[in-house]
Amino acid sequence: MTQLTGYIGCLLLLFACGVSARSEVMHIGTLMQISPQHPLVVQVKQAYQQLGLQMQLETMPLERLRVEAARGKLLDGNLAASVTLSQTVPQLIRVPVQIYQLDLTAFVSRPELRPAQWTELQPLRVAYLAGMLAVESRLKQHQVKTLTTVLTLEQALQYVAKGRVDVAVLPKAEADYVLRQMTGLKVQAVQPALEQMPMYHYIHQKHQALVGPLTAQFEKIIAPVQATGHQ
């Protein structure tokens, strides 16, 4: 009987350890083709590490990311999104520290096209990432009628290069990273950016207890970097 009790105790201990090990990993979603060395990825990972947690990055199309983040099963949060995400996905809680600035930028292949304002996109054929609601909202606000949604940054850049669209509105640093890997593609970013959008980290409501600790970590790790201009 003593041996049986001890055996059951060991099984319960192993089970508890297994649950604990799984709970130490936070599955955080982001758009496809983002660099694992992206400064934001590195900094958010560091914040979780300071709390004794591991961050595992899960890349997927933005529309699926929004659905999975809301369900809170495959994903525990969203790496970075605009301030309006919590309005469309109430299951997600915004950590109230700006962690990044997204430069929404026009990418073109024809040098004569230099759209530097949203209004200048109105007569053009424009591609954007499906699920990027802030961009979709701006384009509709400025009555851009010929719109094409794409699933990846690579697809958007290819559409521009092949003349299927006139311009793609994409996050600049992230699209530049993909563009560098697409050798020979004659596509370039138009400067200045159409808009600079503050971005925030989101976690599922089941992890609400992490909001305060993450806020403190982001203020230590990310805010000083932004202030010195070295991000």
**OP:** Would you be able to tell me the number of residues in the stretch 126-144 that are among the small types (Gly, Ala, Ser) and in a loop (DSSP other than H, G, I, E, B)?
**Re:** 2
Original post:
Of (1) assigned to a helix (DSSP H, G or I); (2) in contact (Cβ under 8 Å) with a residue 24 or more places away in the chain, Gly163 satisfies all except one. Which?
Top reply: (1)
Original post:
Taking the stretch 51-83 on its own, how many of its residues are touching a residue at least 40 places away in the same chain (Cβ under 8 Å), of a type in the set (S, T, N, Q) and either part of a strand (DSSP E or B) or not assigned by TED's automatic domain parsing to the domain that holds Pro39 (or both)?
Top reply: 1
Original post:
Say we look at the stretch 176-209 and pick out the residues that are over 28 Å from Pro96 (Cβ atoms) and of a type in the set (Gly, Ala, Ser); which of these is modelled with the highest pLDDT?
Top reply: Ala189
**OP:** Could you tell me whether Pro198 is surrounded by fewer than 16 Cβ atoms within 10 Å (Cβ to Cβ), touching a residue at least 24 places away in the same chain (Cβ under 8 Å), assigned to a strand (DSSP E or B) and not basic (Lys, Arg)?
**Re:** yes
**OP:** May I ask you to say which residue of Ala189, Ala193, Ala161 is within 21 Å of Ile222 (Cβ to Cβ) and surrounded by fewer than 21 Cβ atoms within 10 Å (Cβ to Cβ)?
**Re:** Ala193
**OP:** For the stretch 125-158, name all the residues that are of a type in the set (Ser, Thr, Tyr), buried (at least 16 other Cβ atoms within 10 Å of the Cβ) and modelled with pLDDT under 95.
**Re:** Thr152
Original post:
Are any residues in the stretch 110-125 hydroxyl-bearing (Ser, Thr, Tyr) and closer than 17 Å to Val160 by Cβ, and if so, which ones?
Top reply: none
**OP:** Tally the residues that are part of a helix (DSSP H, G or I), in contact with a Lys or Arg (Cβ under 9 Å, 6 or more places away or on another chain) and over 26 Å from Tyr48 (Cα atoms), restricting the search to the stretch 84-120.
**Re:** 2
**OP:** Tell me which of these Gly212 doesn't satisfy, since it passes every other one: (1) within 19 Å of Ile99 (Cα to Cα); (2) touching a residue at least 12 places away in the same chain (Cβ under 8 Å).
**Re:** (2)
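The values are calculated or read from the model by the stated rules, or taken from the named source; none is laboratory data. Just so we're clear, the structure is a prediction, and the values are computed from it rather than from any experiment. Because the Cβ atoms are built from the backbone with ideal geometry, glycine has one as well, and the counts that use them run over all protein chains shown.
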